Amino acid sequence: MFELKIISHFAAAHQLKMVTEKCENLHGHNWKIEVFVKSETLNSAQVVMDFGEIKRQLSVIIDQLDHQMLNELDCFKGKNPSSEVIAMHIAHTLQKAILAPGVRVSRVTAWESDNAGATYYPQ
């Protein structure tokens, strides 16, 4: 098994419902996003896939989140835009964009601070 890791960042605001009083206030984070993709095999170039392609696909997703009020985005309608939900959204959206055969998103971690993050493992 091979696993690649890409790191990205974005800044955005959100307001969480029914978490804690402090988090229910409008606030923002500088999120650090770690994306991992895996494959059982290497392609004909002896790589899982081009790092640049993963970065391009991830950049499209991150650009839609950067400097936004997350609660107002269609992708989070009816959801609490928590770090957990952000990680899940990025994982599912990126998986749809990856066209390389046998390559799967194995996990995404959304760090909302240096010492607090949430990881999503797609099934």
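Can you tell me how many residues within the range 31-61 are surrounded by fewer than 16 Cβ atoms within 10 Å (Cβ to Cβ) and either part of a strand (DSSP E or B) or within 10 Å of the chain's Cα centre (by Cα) (or both)?
Narrowing the range 31-61 to residues surrounded by fewer than 16 Cβ atoms within 10 Å (Cβ to Cβ): 38, 40-47, 50-53, 55-56, 59-60.
Cutting the leftovers down to either part of a strand (DSSP E or B) or within 10 Å of the chain's Cα centre (by Cα) (or both) gives us 38.
Total meeting the criteria: 1.
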Of all residues in the range 1-48 being free of Cβ contacts under 8 Å to residues at least 24 places away in the same chain and among the charged types (D, E, K, R), the one that is nearest to MET69 (Cα to Cα) = GLU24
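Taken together, the values in this text are just the output of simple stated rules run on the coordinates, not laboratory data. These numbers were taken from a predicted model, which means no experiment stands behind them. Methodologically, a virtual Cβ is constructed for each residue, glycine included, from the backbone with ideal geometry; neighbour enumeration extends over all protein chains shown.
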